[in-house]
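Step one of this worksheet: look at the structure below.
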């Protein structure tokens, strides 16, 4: 079990890491035999790692739940929703900056990759994402007690080349080999498709924190073939929050004569308040936005579900166009869709569910937790890439490119060379020539998008075909091959055919990090990434020991204990003593070994406990006393890990 | 229209190239080894060849899809995620070719256009290179109006102009809209007829292929017909698009 491949959902609001394996054990007594995929929780027991990164006063990076207080306490040292900035240039994010308290570094030069200020330092979006990935990697390593080096990372289906490249760079900076970027809705369909292999047409509606995707897939004997995808990379729960924040700020400006728009701390407190109210409104008819403002004042406002729905309808309605387009591109009618799957936290909103019902004339599936389903699917794909298992051996994902690829032709018009919804990998070969006698280089501008004019599309790269042998105008014949790989990332190669000379091409991504920059970032972060791995392992193994001992303590008081044979009990006692003894030492291997022994010895106890009614009583009691999320994904549901 | 560059019989029979698998030494079918299933180094071949199909235009799309799935399972990069870099790059090449081939062949129009291109025939009106050329030289691209539509097109353009005017003024002329809908229905019927006509051209071509020797006269005759149908089709489709645009569909 050396080369584990994990699945990662690098989300706008929350990120998760998941893994696919089998069988229950004492540490995972709740895992049903059929459920092979699980979320790996962090050391705080939470499945979700909030996508928040902060630089604390000591200059240490903190991530996730630990970073959240910084959003309020030191908003200038914390950043959230960084996914919105991945692969984008300064020009693109002007709109975002109106709503988000992102601080750009002051010394940015045009054409450079964005850098955001965190206290006295600045980071590019891939570096910030890398911190989140590193946390997830750490969580997985803690879970396995072994290094994790390979991952599948999900991206919104509608992400363009630059956004995908930025995500892949983030993985590299975090010390992960990204085996594949998988589209989020496609991953979700894999998670849903795992235990019911059937044929048919499925639509996935994925409304997350910051992005919206819709994908239509054809399922055939384990092949998941995406036939059309559409979306909006700037549409999600954040937009709903921003509407509510705007109302609150307006109220406060009117009633209290306070302009808090520039007050980072106040805005963050309001943000948390409106999010709580938004979530409450998914199950209640009325909720109260309740905010303690800095300085002691209090802001409260009641909001009914009706008012809320009226407010957010324009945002939700923006998902209709992409859905219709996807159905049209798939060449089917809405009635021909057999199943609809909901993904993303925002699909908990009743109005969203109603819209999906109306649009697809079908009751959508919500069996899997919409926050976790993408990570679970990523773990399934990770399993497939890692060599597969019995459950995944027939599964194959055929995805598409969400946007057309084109070249800017004379007059700024786009000549499309690979159309959207083409199955990837996909390629196209184009021929270019010179316009002037003796010309030795040809400039090519590659764009992505559906619009007619290059200026309305996303510029992917400008590059020069250099080293063209000098010939009369129009005589050179340069063959350029464009290849979109299975990650949705473009590769370009060129050849001058008359002379047979390989042209030297420089592909300069319009908004991307160069290879060299990424290498430097990896080096910079090397110390951090490999920081005291051994030491961390020991601490984590000790904690795991603590957890299993606590679990055993509970086991001894359960009815299941009495059903064990004297030999079994003796074996447990012996293994327990060994864990207690070795836990005091510093030998990771020894601790690990004793824990494995104890796990082995208690296997039947765990099974018995599962089978008895006592388990449920125990489970109830323990869930109360710990923050552990329920479900098969929690690592130690019968005892919480304690950290010193 | 049909610009036959080759004047001699040029049809090449599907080449069942026989090579040895680099991995197990056995014979291979095409892009992967028939015995051990491993991907093979890319070999230049056309889309028909890739699927082991003759260069015929009547094609069983359901069967093509099944083939596509079978080959995807052999060639997709996911299958080689942990293989050597060499196999990974072969799989990337082979599966992109597979996808390109499937996408082209499953669509009747793309398939016809592809065959014409393979056979060295330019489709003047709709080829991208013609458009490019027009851009470079600054000439307006030659507009080809099917003779049987001349009168109708003239009338339609007037109606479209009037309807556009109404749209900008916010006026609604129910009679005009009804006329446009009728014209559209008629155009769509024409498109269907063209589909049948294209099918007959396919049958002619396929018959020639099966005879295994294609004379230059037969060849240019059948290609000229295809080009003619495709051009008329493009023209009518653009008209339908214009009508839809005005009707807000």
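The values are calculated or read from the model by the stated rules, or taken from the named source; none is laboratory data. Since the model is a prediction, treat every value here as computed from it, not as a measurement. Counting neighbours? That spans all protein chains shown, and the Cβs are built from the backbone with ideal geometry, glycine included.
Before moving on, here are some points about what is shown:
- Condition broken by residue A:46, with the remaining ones in (1) closer than 25 Å to residue A:192 by Cα; (2) at pLDDT below 90; (3) out of contact with any strand residue (DSSP E or B) (no Cβ under 9 Å at 6 or more places or on another chain) satisfied: (2)
- Residue in region A:416-433 that is within 12 Å of chain B (Cβ to nearest Cβ) and loosely packed, with under 15 Cβ neighbours inside 10 Å present: yes
- Filter result (at the interface with chain B (Cβ under 9 Å from one of its Cβ atoms) and in a loop (DSSP other than H, G, I, E, B)) within region A:396-415: A:409
- Candidates A:317, A:292, filtered to the one that is surrounded by fewer than 18 Cβ atoms within 10 Å (Cβ to Cβ) and under 25 Å from the mean Cα position of the chain (by Cα): A:317
- Residues of region A:236-259 satisfying the condition of being crowded, with 22+ Cβ neighbours inside 10 Å and outside any helix (DSSP H, G or I): A:236
- Of the residues making up region B:57-96, those that are away from chain A (no Cβ under 11 Å), surrounded by 17 or more Cβ atoms within 10 Å (Cβ to Cβ) and in a loop (DSSP other than H, G, I, E, B) number 2.
- Residues within region A:67-84 that are out of contact with any strand residue (DSSP E or B) (no Cβ under 8 Å at 6 or more places or on another chain) and either within 22 Å of residue A:208 (Cα to Cα) or surrounded by 17 or more Cβ atoms within 10 Å (Cβ to Cβ) (or both), tallied: 4
- When region B:173-196 is filtered for residues that are exposed (fewer than 11 other Cβ atoms within 10 Å of the Cβ) and over 33 Å from the mean Cα position of the chain (by Cα), the ones remaining, listed by number, are B:174, B:175, B:178.
- Only residues that are crowded, with 17+ Cβ neighbours inside 10 Å and free of Cβ contacts under 8 Å to residues at least 40 places away in the same chain were counted in region A:569-589, giving 7.
- Under the condition of being at the interface with another protein chain (Cβ under 9 Å from one of its Cβ atoms) and either under 13 Å from residue A:223 (Cβ atoms) or touching a helix residue (DSSP H, G or I) at 6+ places or on another chain (Cβ under 9 Å) (or both), the residues counted in region A:374-387 number 3.
- Counted residues, region B:197-233 - those being within 30 Å of residue B:161 (Cα to Cα) and surrounded by fewer than 16 Cβ atoms within 10 Å (Cβ to Cβ): 0
- With respect to the stated conditions, residue A:279 is out of contact with any strand residue (DSSP E or B) (no Cβ under 7 Å at 6 or more places or on another chain) and either at pLDDT 95 or above or not in a loop (DSSP other than H, G, I, E, B) (or both).
- Checking each residue in region A:421-430 for being in contact (Cβ under 8 Å) with a residue 60 or more places away in the chain and in a strand (DSSP E or B) picks out only A:423.
- Some residue of region B:220-230 being over 17 Å from residue B:117 (Cα atoms) and assigned to a helix (DSSP H, G or I): no
- Taken together, the residues in region A:208-223 that are part of a loop (DSSP other than H, G, I, E, B) and more than 14 Å from every other protein chain (Cβ to nearest Cβ) amount to 4.
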